[in-house]
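Step one of this worksheet: look at the structure below.
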Amino acid sequence: MTDRGDGTLPGVDGGAPDQIVLHVDMDCFYAACERLREPELEGEPLVVGMGYEPGDDIGAVATASYEAREHGVESAQAISTALERLPRKADPDNGDPAGYYRPVDLDYYSEIAAEVKAILHDCADVVREVSIDEAYLDVTDRTGWSVAEGFARHVKNRIEREVGVVASVGVAPTLSAAKVASDRDKPDGLVVVEPGEVADFFAPLDIEAVHGVGPVTARELREMGIETAGDLAAADPHELESRFGERGRELYDRARGADDRAVTPTGDPKSLSRESAFAEAVEDADRKRDQLRALAEAVADRASREGAQYRTIGVKAVTPPYDINTRERSLPGPVEDADLVEEIALELFAEFDDEPVRKVGVRLSNLSFAGGEQARLTGWDGVDRSGAEDQQATVDADGPAADAPVDDAETATDEDAEVQDANGPNTAGQSSLADF
Ligand code: TTP
Ligand code: MG
């Protein structure tokens, strides 16, 4: 960067110059979740939606796999239109293209989303979750521009390796550019917009890609002969101001890449947890228990450093194909006791000792903070459990159990050391433990 001579560095197209933002958006998310538990659907045209059963054709498409999109099926489309364009596979085989249809199972997708978000929280200190399959990460303190692409690739790789779904990622100095970038090369996309490139990156885009330009404004701008962000950036700002008032200037600045928004975190954490994925499902009881001990120690240590006491201790075992099992036990009062965490975690995990397990985790919830400080955080389900009591939940292909949802609003999984330096995936296939 060059010095302006006045002691300040040049701005980044009007954005915050030192910010590195990742926007992560999962590819055909609901369909990807269905494929996790039904791997035969991989590579097939797949529609997730409601109302496709015979005699029940009122409903809409939630999402379609990219194979189904090739047939003209898309989100929010009437299910009847989707069925016309892509008949169900179950229909008599008349040689036409056909696809698979599955109903929406939001509880299951939320479980998978929590897995993904846990990785995101592990990869960044500041995460803003904006929807079930989308989040912004401020990774300024974790990487630099010269290695930002490697860092982003690492995040993508972890999501794919540990959860089995694919994300598209955009990297940019502003939120709006990062969002457009994540969408640019979908599916499996990774697009980096470096500081100084934002305005050029926006220039060829339709004006509706400019943050704040909706269909109504877009129509007015088109009437003025402004079709692209580049046209808007090159327009006379005074003319825009006389047409749109103050907003005109704002749109002009945004078209030139200006966006000084910071990534603001979604909300207060509710729990602390550590997880670790195996490259392949592990049956060996000792290996799983060793890992669980390490996770118990790490999460208890984290709680201790945060000054947090906990009343509920839980474990997670993800079994093939991707069933998320959680077990938890609540104590009569809050404790801070690493040995107890390990002991209870091992007890709760005992039923999985002989099962193949893809991932293990330990979680502390119902947090309160020491030193008489008012508890900042609430428990994961608000249920008052007096006395020790075990809770369990399994989410599987038959749908989730209604009780004890896994609420990983703040879940920090074990940290790969390489997250810090943006090397490739951990070749040992198992995430390592590191302090964070
Ligand atoms: P999107 O991220 O918009 O779409 P997507 O993940 O299916 O596909 P891609 O990102 O690869 O383009 O939305 C995330 C999920 O939200 C999607 O899987 C299903 C749900 N959804 C609806 O239920 N209705 C809708 O109209 C849209 C757009 C999404
Ligand atoms: Mg998506």
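With respect to being out of contact with any Gly (no Cβ under 8 Å at 6 or more places or on another chain), more than 16 Å from V166 (Cβ to Cβ) and either in contact (Cβ under 8 Å) with a residue 12 or more places away in the chain or away from ligand 2 (no atom under 16 Å from the Cβ) (or both), P97 fits the description.
The rows are residues; the columns are (1) farther than 27 Å from P321 by Cβ; (2) of a type in the set (K, R); (3) touching a strand residue (DSSP E or B) at 6+ places or on another chain (Cβ under 8 Å).
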{"position": "P97", "(1), (2), (3)": "no, no, no"}
{"position": "D133", "(1), (2), (3)": "no, no, yes"}
{"position": "G164", "(1), (2), (3)": "no, no, no"}
{"position": "V180", "(1), (2), (3)": "yes, no, yes"}
{"position": "K186", "(1), (2), (3)": "no, yes, yes"}
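Contact annotation: residue pairs with Cβ atoms under 7 Å, 6 or more positions apart or on different chains, pairing a residue in the range 195-206 that is at positive phi with a partner that is part of a loop (DSSP other than H, G, I, E, B), are G196/D13.
When we screen G72, G55 for residues that are assigned to a loop (DSSP other than H, G, I, E, B), at pLDDT 95 or above and either of a type in the set (S, T, Y) or loosely packed, with under 15 Cβ neighbours inside 10 Å (or both), the only hit is G72. The residues listed here are S131, S182, S110, S168; of these, the one that is in contact with a Lys or Arg (Cβ under 7 Å, 6 or more places away or on another chain) and within 14 Å of ligand 1 (Cβ to nearest atom) is S168. In the range 1-43, the qualifying residues are those that are modelled with pLDDT of 95 or more and in a loop (DSSP other than H, G, I, E, B), and the one that is farthest from ligand 1 (Cβ to nearest atom) is I20.
The values are calculated or read from the model by the stated rules, or taken from the named source; none is laboratory data. The structure presented is a predicted model; accordingly, all values stated were derived computationally and were not measured. So basically every Cβ, Gly included, is an ideal-geometry build from the backbone, and we count neighbours across all protein chains shown.
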